[in-house]
Amino acid sequence: MRWHKGTGYFPERKTAMDQLKSEGWFKDNPNFLTAFNQLLDSPSTNNTAGALMGPFPEARTFIQTAIQKTYAGTSVKAALDEAATKTDKAITEWNSFYK
């Protein structure tokens with residue numbers, strides 16, 4: 001609940017939602033409840049399914065590394081080009097397992 005209140009992100013547990021409701025959080029902050037209801041009421045489609053990339057964890061690591069490299073002085077283009085190359089390779093390898 002503290003994480004939700006500090007960030008606005010959707011609580012991960014139903015019990016947190018229930019407790020937020022019981023303590024009046026949504027009564028005092030109705031826009032959060034509106035957003036949550038819109039998310040919960042959305043139909044499941046390819047557009048609402050989220051990231052559907054097999055090597056998503058690796059890609060995230062490549063991007064995080066690229067960001068760190070830019071802080072260390074690497075150009076943004078060079079860092080992102082390297083991340084893209086590594087991500088493309090990971091996707092190609094992932095796809096080869098499912099052909």
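Tabulated data
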item: Overall form of the stretch 2-41 per C-alpha gyration tensor (a/c, 1.5; a/b vs b/c); result: rounded
item: Rounded tilt (10° steps) of 30-41 against the dominant C-alpha axis of the chain; result: 60 degrees
item: Approximate shape of the chain as ellipsoid semi-axes (Cα gyration tensor, √5λ), whole Å, largest first; result: 37, 20, 11
item: Rounded to 10°, Cα long-axis angle of helix 76-97 versus longest principal axis of the chain; result: 90 degrees
item: Chymotrypsin sites (Phe, Trp or Tyr not before Pro) restricted to the stretch 1-91 and DSSP loop, no more than 10 other C-beta within 10 Å; result: Tyr9
item: Value of Rg to Rh for the stretch 56-97 (Rh from inverse mean 1/r over Cα pairs, i.e. Kirkwood); result: 1.05
item: Extension gain, Lys89 back to Glu12 (0.36 nm per residue minus Cα-Cα distance, nm); result: 24.5 nm
item: Helix axis angle, 56-71 relative to the chain longest principal axis, alpha carbon, degrees; result: 80 degrees
item: Distance-filtered residues of the stretch 30-47 - backbone nitrogen under 18 Å, label point 7 angstrom along Lys21 Cα→Cβ; result: 30-42
item: Coil-residue trypsin sites (Lys or Arg not before Pro) of the stretch 1-95, DSSP, other Cβ within 10 Å capped at 15; result: Arg13
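No value in this document is a laboratory result; all are computed from the given coordinates. Only a predicted model underlies this, so the values are computations on that prediction, with no experimental measurement involved. Quick reminder, even Gly has a Cβ in these numbers, built from the backbone with ideal geometry, and neighbours come from all protein chains shown.
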